[in-house]
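*Asks:* Got a structure here, written out as structure tokens. Questions coming.
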Amino acid sequence: MQVLRLGTRGSKLALWQAEYVARELSSHLAGVEIKIVTIKTKGDKIMDVPLAQIGDKGLFTHEIENELLNGKIDMAVHSMKDLPSLLGEGLCLGAVLPRENPQDVLISTRHQSLAALPAGAVIGTSSLRRAAQLKKLRPDIKLVNMRGNVETRIRKMREQGLDGIILAYAGVKRLGYDKFISEIIAAQDILPAVGQGAVAIELRSDDQATSRLVQTINDYDTWLETTAERAFLARLEGGCQVPIACLARKEEEQVRINGLVASLDGSKMYKAATECGFDDVAASGRQLAEQLLAMGADKILDEIRLQGE
């Protein structure tokens with residue numbers, strides 16, 4: 001029997017995703033055994049520092065990619081939003097699975113929505129993207145840094161007496177914590193991260209045999225959407241150190257792309273949208289990024305990068 005070694009982080013959500021991929025592959029491929037291999041990444045080892053202060057290039061993927069390049073595993077499974085927009089030499093994106101709802105959610109034991117939060121409410125998040133949009137939406141809210149898995153963040157919220165936390169719907173739903181959701185936040189209020197809600201399979205570029213196998217579970221709609229979003233991000237050369245957001249949605253015969261770049265304090269924010277055909281998603285993602293840069297986003301990005309040097 002052929003064995004395919006699947007590399008993943010060891011968190012509950014990462015293992016859920018790996019098992020999801022393994023089940024899908026097994027259902028499509030007779031006579032193939034999927035072996036899950038857990039690998040610890042830099043992002044798993046440093047839990048007491050905000051993501052933006054660590055440096056995010058490959059934070060949750062680098063060690064797994066090394067194992068892939070060294071032939072220790074045959075494929076890597078990632079949350080798409082953790083995957084750098086430009087992959088390293090010898091690596092490629094092999095497939096993406098059907099996307100979960102990409103929106104963010106408010107989890108609170110006290111309040112039913114962002115609008116219902118009282119003045120001065122304290123919200124936990126580790127994301128600069130979420131923080132900038134929250135500051136724009138509700139400048140009266142106080143934000144505190146919070147990292148950890150879904151269960152850990154809910155526990156910290158209660159222990160610290162916070163008014164709420166903001167998380168991705170996909171992770172909350174996949175781990176069975178959706179009963180704690182107070183509000184699914186509209187994308188026009190908080191635009192999601194690039195690739196949020198999607199599970200990606202990364203391969204060695206020269207491994208055509210495995211590529212043919214994983215193509216059996218590739219979801220075309222999600223592939224279109226995430227291709228547009230990743231092209232947008234690649235042009236801006238951003239990551240979790242910069243408040244950048246993008247959401248592409250396939251609508252009948254076209255794809256609609258919304259993009260955003262914000263200053264860290266949310267005081268400056270540039271938004272734009274475009275529509276394109278299925279053959280133009282990558283080019284349209286790049287063009288949308290160019291539009292935001294021309295509007296003034298280039299100055300925001302330059303300022304943030306100077307602060308980080």
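The values are calculated or read from the model by the stated rules, or taken from the named source; none is laboratory data. Just so it is clear, the structure is predicted and the values come from calculations on it, not from any experiment. Positions of Cβ are generated from backbone atoms using ideal geometry, with glycine treated the same way; all protein chains shown enter the neighbour counts.
*Asks:* Testing Arg235 on (1) surrounded by fewer than 21 Cβ atoms within 10 Å (Cβ to Cβ); (2) over 19 Å from Leu86 (Cβ atoms), one condition comes back false. Which one is that?
*Replies:* Going through the list (1) surrounded by fewer than 21 Cβ atoms within 10 Å (Cβ to Cβ); (2) over 19 Å from Leu86 (Cβ atoms), Arg235 breaks only (2).
*Asks:* Hey, could you check segment 250-270 for residues that are crowded, with 17+ Cβ neighbours inside 10 Å and among the hydroxyl-bearing types (Ser, Thr, Tyr) and say which is modelled with the highest pLDDT?
*Replies:* Tyr270
*Asks:* What tally of residues in segment 1-35 results from selecting those that are outside any helix (DSSP H, G or I), surrounded by fewer than 16 Cβ atoms within 10 Å (Cβ to Cβ) and not acidic (Asp, Glu)?
*Replies:* Total meeting the criteria: 8.
*Asks:* Any chance you could count how many residues in segment 174-193 are more than 18 Å from Leu114 (Cβ to Cβ) and either hydrophobic (A, V, I, L, M, F, W, C) or in contact with a Gly (Cβ under 9 Å, 6 or more places away or on another chain) (or both)?
*Replies:* Within segment 174-193, residues that are more than 18 Å from Leu114 (Cβ to Cβ) and either hydrophobic (A, V, I, L, M, F, W, C) or in contact with a Gly (Cβ under 9 Å, 6 or more places away or on another chain) (or both) number 2.
*Asks:* Working only within segment 184-231, note down all residues that are within 17 Å of Ile107 (Cβ to Cβ) and surrounded by fewer than 20 Cβ atoms within 10 Å (Cβ to Cβ).
*Replies:* Correct list: Ile184, Ala186, Asp189.
*Asks:* Let me ask you something else. Quick one: in segment 101-128, of everything that is at pLDDT 95 or above and not in a loop (DSSP other than H, G, I, E, B), which residue is farthest from the chain's Cα centre (by Cα)?
*Replies:* Among them, the one singled out is Val122.
*Asks:* Is there any pair with a first residue in segment 281-309 that is within 12 Å of Ile244 (Cα to Cα) and at pLDDT 95 or above and a second that is of a type in the set (Ser, Thr, Tyr) and surrounded by fewer than 23 Cβ atoms within 10 Å (Cβ to Cβ) whose Cβ atoms are under 7 Å apart and which are 6 or more apart or on different chains, and what are they?
*Replies:* Close Cβ pairs satisfying both conditions: Leu292/Tyr270; Ala297/Tyr270.
*Asks:* Let me ask another. When you check Val150 against the structure, is it in contact (Cβ under 8 Å) with a residue 60 or more places away in the chain and under 30 Å from Ser211 (Cα atoms), yes or no?
*Replies:* Taking the combined requirement at face value, the residue does not satisfy it.
*Asks:* With the structure loaded, tell me whether Thr41 is outside the structural domain of Pro243 (by TED's automatic domain parsing) and modelled with pLDDT of 95 or more or whether it fails that test.
*Replies:* Spelling it out, it is not the case that Thr41 is outside the structural domain of Pro243 (by TED's automatic domain parsing) and modelled with pLDDT of 95 or more.
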